[in-house]
Amino acid sequence: MAIHDYDGETRLKLEALRALPDPIFVLTESGRYAAIIGGNDRGLYHDGSCLVDFTLYDVLPEAKADWFLGEIRRTLAEDRLRVVEYTLAAADVTGLSGAEGPEGELWFEGRIQPMRYRVDGERAVAWLASNITARHDLEVRLRQLSETDALTGLPNRRLFLARLDEMLCDYDPERSNIALLILDIDRFKTINDRHGHFEGDRVIQTVTRVCGERIKRRDLLARLGGEEFAMLLYDTTPSQALMVAERLCRTVAEQRIRLECGATISTTVSIGVSAATAQRRRAHELLSDADAALYRAKRSGRNRVALSGDETIDQRAPRRLGRAD
């Protein structure tokens with residue numbers, strides 16, 4: 001029937017549905033696109049009318065089709081409105097590539113509602129898709145800002161502790177090694193008092209740069225606060241971690257940092273090292289052990305490394321370099 005064949009109220013409802021900026025997909029239990037309504041905003045959506053009468057498996061990669069079909073059947077089984085978030089790009093959908101619409105991977109919120117009546121003998125859902133890419137990107141950016149130190153661009157204390165907890169949850173003392181380093185810039189208050197906080201920031205940035213360049217890519221360097229930093233070393237034994245710390249101490253001591261005022265200064269770091277064991281495998285235990293070792297290194301004269309439970313090592317004496325990157 002043409003739209004003019006309906007009564008006035010029905011025509012109004014049909015026109016309203018067709019004018020919806022967000023698309024509604026009528027999808028059957030077998031995964032067939034029975035109808036597509038709305039979705040006229042080409043800045044946010046592609047024209048999906050070509051999908052009608054095709055199945056999810058006709059137009060989507062198998063893994064994505066499996067996911068969509070699973071959500072449809074779960075919604076029908078629970079007989080309630082469900083809300084999901086997912087990614088999809090025009091390139092994922094056969095027939096949409098090159099069509100007018102947004103480019104790249106998009107994020108959607110899907111509101112899936114079971115329909116009261118069967119469609120061509122099948123149970124079906126109405127799937128309202130809303131493009132939330134801008135909101136998602138903003139959330140990602142805000143999360144990055146909340147987990148990143150503004151001065152150095154390194155992960156902050158919050159993210160570091162989260163990663164440490166994740167690693168320790170998977171820690172198996174028979175199969176893996178986890179080491180933790182806490183670094184502190186020696187006599188940093190003197191640098192700030194003598195040259196000012198702006199130059200102190202330059203020192204912090206230099207130290208983090210040279211340390212970051214000398215650890216493995218999968219290891220994690222973070223700023224805990226002020227002039228204190230932490231390193232999380234994957235697959236690293238206590239003796240290897242000690243050698244990494246020794247190398248970092250020497251590297252920092254060799255740097256000549258040119259300040260904005262034209263002066264050149266050098267600085268050193270002290271480092272405390274701890275490692276997870278079957279008996280000590282909680283984040284606060286590793287941090288406490290490394291912190292205690294750090295202060296032992298400080299008390300012993302600075303520019304030194306201390307391994308939790310062992311004697312302090314003077315970094316001013318030549319020593320063998322640590323593990324290779």
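Bridges between two residues of the chain, per DSSP, are antiparallel at a rate of about 95%.
Roughly how far apart, in whole Å, are the Cα centres of segment 96-169 and segment 214-243? Here the two parts' Cα centres lie 31 Å apart.
For the chain, the share of accessible area belonging to carbon and sulfur comes to 48 percent (1.4 Å probe, ligands and nucleic acids excluded).
The P(r) of the chain has a tail past 26 Å containing 62 percent of all C-alpha pairs. Using θ = phi - 60° in the Karplus curve 6.51 cos²θ - 1.76 cosθ + 1.60, the 3J(HN,Hα) couplings for segment 44-57 round to 10, 9, 8, 6, x, 4, 5, 7, 4, 6, 8, 9, 4, 6 Hz; x is entered for Gly and Pro.
In whole Å, what three semi-axes, largest first, describe the equivalent ellipsoid of segment 85-131 built from its Cα gyration tensor (square root of 5 times each eigenvalue)?
Numbers: eigenvalues 137, 39, 11 Å².
Here the semi-axes work out to 26, 14, 7 Å.
The calculated FRET efficiency for ARG157 paired with ARG73, based on their beta-carbon distance and R0 = 45 Å, is about 0.55. Rounded to the nearest 10 degrees, the inclination of helix 133-146 to the longest alpha-carbon principal axis of the chain is 20 degrees. Entry comment: accessible area of the chain is 54 Å² per residue, from protein heavy atoms only and a probe of 1.4 Å. The calculated FRET efficiency for the pair GLU85 and ASP172, based on their C-beta separation and a Förster distance of 35 Å, comes to about 0.60. Rounded, prolate or oblate: which fits segment 201-274 when a ≥ b ≥ c are the square roots of the eigenvalues of the alpha-carbon gyration tensor, with rounded for a/c under 1.5 and prolate only if a/b beats b/c? Prolate.
For segment 148-164, putting each phi into the Karplus relation 6.51 cos²θ - 1.76 cosθ + 1.60 with θ = phi - 60° gives couplings of 10, 6, 5, 6, 9, x, 7, x, 9, 4, 4, 5, 4, 5, 5, 5, 5 Hz, in residue order, rounded to whole numbers and with x for Gly and Pro.
Beyond 15 Å, the tail of the calculated P(r) for segment 116-180 holds 72 percent of the Cα pairs.
Karplus-based coupling profile of segment 173-189, in residue order and whole Hz: x, 7, 10, 9, 10, 10, 10, 10, 10, 10, 10, 9, 6, 6, 6, 5, 4, with θ = phi - 60° in 6.51 cos²θ - 1.76 cosθ + 1.60 and x standing for Gly or Pro. The distance from the alpha carbon centre of segment 172-194 to that of segment 60-78 is 48 Å, rounded to a whole number. Between THR94, THR268, THR277, find the one with the highest GNM mean-square fluctuation for the chain; connect C-alpha pairs within less than 10 Å. Among THR94, THR268, THR277, the largest mean-square fluctuation in the Gaussian network model of the chain belongs to THR94. Spin-label pair ASP53-TYR117: with each label point 7 Å from Cα along the Cα-Cβ axis, the two points sit 2.1 nm from one another.
The values are calculated or read from the model by the stated rules, or taken from the named source; none is laboratory data. Remember, it's a predicted structure, so these values are computed and weren't measured experimentally. When we count neighbours, we look across all protein chains shown, and the Cβ atoms used for this are built from the backbone with ideal geometry, even at glycine. Each accessible area value is taken on the protein alone, full model and side chains, heavy atoms only, with ligands, DNA and RNA left out. Shrake-Rupley method; radii C 1.70, N 1.55, O 1.52, S 1.80 Å.
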